[in-house]
Amino acid sequence: MAGGAASGGDATSDAYAPARGWLLLPAWLVLGLVVLVPVFLMLVYSFLTKEFRGGVIWEFSLAAYDQFFIDRGLFGDDPPRIEWAYIQIFWRSIWQAGVATLLCLIIGFPTAYFIATRPAQQRNIWVFLITIPYWVNLLIRTVSMRFILRDQGPLNDFLQWVGVIGEPLTIINTNLGVQIGLFYSYLPFMVLPLYAAIERYNFALSEAAADLYAPRHKILTRVVLPAVKPGLIAGCILVFVPSLGSFLAPDLLGGARNFMIGSLIDEQFKGSAGNWPFGAAASMILLTLVLLVLMVLARQQARAARGAG
Amino acid sequence: MSSERPAAIDVRDAVKRYGDFTALKTISLSIQDNEFFTLLGPSGCGKTTLLRMIAGFEDVTEGAIYLHGKEIAKLPPNKRPVNTVFQNYALFPHLSVLDNVGFGLEMLGRSRTQARARAGEMLELVQLSQFAHRKPAQLSGGQQQRVALARALAPQPKVLLLDEPLSALDLKLRKAMQIELKHLQRETGITFIFVTHDQEEALTMSDRIAVMSSGELQQLGNARDIYEHPRNMFVADFIGETNLLAVTVDRIEAGRAQCHLGGGQSLGCDAVEGVGAGAKVHLSIRPERLFLTDTTPEGEGLTGRVVENIYIGTDIASLVDLDVGFRVTIRTSNSERGAKRLFEPGAQVVVNMEQGAARLLVD
């Protein structure tokens, strides 16, 4: 009785198996054409030889990966050492994306909680309000952020007027500028999945926890967060991954010193200074990294989902 | 109420308002230690609101609630030595059965090991030890119900609140759980406050019952009081099945009220406070206290015609249209068919009632 209560039907034992194969075909086609084929092309390009005016020569070469990881000096004849320049860019990107994700989480969770606890007919209005700014092009929003955050911008004017600070804060062209930019760009991707998870949350569980002597912070950490964990992980993935590859916010708010992977790759495919195999190789390394992170998170999520039954 | 110890729960003039809507209108009641106390009423009567006020999930608009003499109305739920069994159990889906039961103890500051040990004992009490490491979703409804019960009892609360805990179970399981709950209450000696809309459940389990309707306390008493001496129309109608007859009181003499029905037939019953001569009120007569006899040539008594006999297992219900214009139900137990006579549909009969069966109701 107890075992049967939780087990669903066996999905593979029905008579519709052949039909299912055909019905899934469109999904497989889309997945193949827009995901697998481009990734495969990139993989191939990363092992080709670069053509100096952009483009590639169809000749196998490991030069792109060699350039990424190994430093052979200016003229290529020094003893090989580890090339830190690109690894540093990667590390900085991961750090920036991580901070942006954390900021999104800190601001996004209370926002999502607030929306999910409004009366049902008000919730859609709040969700709508959250998404309105995102109808404007990302470039324009990022330029506006630059305007708001600059030394003589409205934010600094306001803070000085209130008296919180005496001198204007320098935000543009710093790590913080990039983090704020990324945070602003991807906040809804955190709020929306979290909102969906919290809306489904059974608030009687919070009452049960309070009834069983849990103070507020324990209710949050012991009951609410585990229950909304799938939404939390989804939100983190949706913010972290695009932040990692982003180039608009780093370019416009971070300046030349706060270069991120996105910009690095972007440059390889622009104009005559580019290096397609190197751009493809950097993309492949980024992709591998992201896949590793996703696999860990997906495993976490599966565990959380199993727990929720 | 005369006991030395202060009542387990003492609700004094509690009022609950949501904006303009008054959910509870000045309720006062005392619940004694070790009592199985039931709040009974139809949905929307305020019984769950009152329970949630005692648990601390709803604030008290006016009035006070005392637990063993200590005012608790201002305390948050996690500071009240009171635990709740929720209607849909509200078990933590991500925790094992054992950790669900141990949750309250852990929050009270016990170590996880201690909490688990005690949780294990509680699971033994509700006979679920073999499911300790399952997740709640892997249990049946009845098992989840028992986990919720074990979880609420584990911290040894002074008072256990039960919010329609059996409503999601099927009839047979519900009956078994009623008895199990009653036993558990006796064994643990904890005061139970039980909320239900099921009058049969209330009569079966409770030491005392508070019947509520539209935010007001209608009657407070034990099962027998409430069934046999309903105070008003609502209680008589809500508890069990009854025949309500509109009558006019003719006169009151020596504690007896003489009333008449529309057609002039007169009926006697015990007088109640607040009803004087000339009052138009209702009489409540339980169907099992009526019986049928042959008509007399003089046409005396409450005459009528049998419409239908309905077989309902233990009883047979006879519907009779009285000549004065009411329809009444008469219940004949299948075991007393020899003593009480049944008549075929269409037969002319006289409806008689047992001594003291008619109860005058204050509207």
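Net charge of the neighbourhood of residue A:149, taken over other residues with C-beta under 14 Å away and scored Lys/Arg +1, Asp/Glu -1, is +1.
Take each residue in B:48-60, count the other chain C-beta atoms within 10 Å of its C-beta, and the mean is 1. Look at the dipole of chain A built from charges on Cβ: of A:252, A:190, A:156, the Cα furthest out on the positive end belongs to A:190.
Annotation: amide H-H contacts under 5 Å for residue A:51 (H modelled 1.01 Å from N, sequence separation of 5 or more, or interchain): A:56, A:57, A:276.
Which of the three applies to region B:59-196, rounded, prolate or oblate, going by the alpha-carbon gyration tensor with a ≥ b ≥ c and a/c under 1.5 meaning rounded? Taking the square roots of the gyration eigenvalues as a ≥ b ≥ c, region B:59-196 is oblate.
Relative to one another, the C-alpha centroids of region A:83-141 and region B:221-240 are positioned 60 Å apart.
Accessible-area loss of 50 Å² or more (1.4 Å probe, protein heavy atoms, chain alone versus all protein chains) is found in region A:200-236 for A:205, A:207, A:211, A:212, A:213, A:222. Annotation: amide H of residue B:279 within the under-5 Å range of B:249, sequence separation 5 or more or interchain, hydrogens built in the peptide plane. Toward the positive end of the charge dipole of chain B, with +1 on the Cβ of Lys and Arg and -1 on the Cβ of Asp and Glu, the farthest Cα among B:349, B:264, B:245 is that of B:245. Taking only protein heavy atoms and a 1.4 Å probe, the accessible area of the protein assembly as shown is 59% carbon and sulfur.
Ordering of A:19-27, B:348-356, B:30-38 by packing is B:30-38, B:348-356, A:19-27, highest average first (other Cβ atoms within 10 Å, averaged per residue). Each Lys and Arg Cβ is given +1 and each Asp and Glu Cβ -1; about its Cα centre, the protein assembly as shown then shows a dipole of about 1640 debye. In this simple spin-label model, placing a label point 7 Å from the Cα along the Cα-to-Cβ direction at both residue B:25 and residue A:74 gives a separation of 9.5 nm. Shown in residue order for region A:188-203 are the 3J(HN,Hα) couplings computed by the Karplus curve 6.51 cos²θ - 1.76 cosθ + 1.60 at θ = phi - 60°: x, 5, 8, 5, 5, x, 5, 4, 4, 5, 5, 5, 7, 5, 8, 5 Hz (x for Gly and Pro).
Mean per-residue shielding of peptide B:90-97 is 6, counting Cβ atoms of other chains within 10 Å of each Cβ.
Taking all protein chains together and a 1.4 Å probe, the residues B:101, A:164 rank A:164, B:101 from largest to smallest accessible area. Within the straight-line cut-off of under 21 Å between alpha carbons, the lysines reachable from residue B:172 are B:182, sequence neighbours fewer than 8 places apart in one chain being disregarded.
Summed over the residues of the protein assembly as shown and divided among them, the accessible surface reaches 51 Å² per residue at a probe radius of 1.4 Å. With Cα atoms defining each centre, region B:291-363 and region A:24-74 are spaced 94 Å apart in the structure.
Using the structure shown, list the pairs from B:74/B:175; A:218/B:135; B:175/B:340; B:47/B:70; B:25/B:74 with a Cα-Cα distance above 25 Å, or answer none.
Cα-Cα > 25 Å for B:74/B:175; B:175/B:340; rest within.
Per-residue shielding of B:73-83, expressed as the average number of other chain Cβ atoms within 10 Å of the residue Cβ, stands at 3. Residues of region B:137-176 that become at least 50 Å² less accessible with every protein chain present than in their own chain isolated, using 1.4 Å: which are they? The answer is B:137 - residues whose exposure falls by at least 50 Å² when every protein chain is included. When both bridge partners sit in the protein assembly as shown, DSSP labels roughly 75% of those beta bridges antiparallel. Phi angles across region A:108-123 convert, under the Karplus curve 6.51 cos²θ - 1.76 cosθ + 1.60 with θ = phi - 60°, into 3J(HN,Hα) values of x, 5, x, 4, 4, 5, 4, 5, 5, 9, 6, x, 3, 6, 8, 4 Hz, Gly and Pro given as x.
Within chain B, antiparallel bridges make up roughly 75 percent of the DSSP beta bridges whose residues both belong there. Summing both sides, the accessible surface hidden between A and B at a 1.4 Å probe radius is close to 2400 Å². Relative to the Cα centre, the charge distribution of region B:38-83, modelled as +1 at Lys and Arg Cβ and -1 at Asp and Glu Cβ, gives a dipole magnitude of about 180 debye. Would you mind counting up the charge near residue B:268? Only other residues with Cβ under 11 Å from its Cβ, with Lys and Arg at +1 and Asp and Glu at -1. Net charge around residue B:268: -1.
Taking θ as phi - 60° and the Karplus parameters 6.51, -1.76 and 1.60, the scalar couplings of region B:224-231 work out to 5, 3, 5, 6, 8, 10, x, 7 Hz in sequence order, x denoting glycine and proline.
The values are calculated or read from the model by the stated rules, or taken from the named source; none is laboratory data. Note that this is a predicted model, so its numbers are computed, not measured. Cβ sites come from the backbone with ideal geometry, for glycine too, and all protein chains shown count toward neighbours. What goes into the accessible areas is simple: the full protein's heavy atoms, side chains included, and nothing from ligands, DNA or RNA. Shrake-Rupley method; radii C 1.70, N 1.55, O 1.52, S 1.80 Å.
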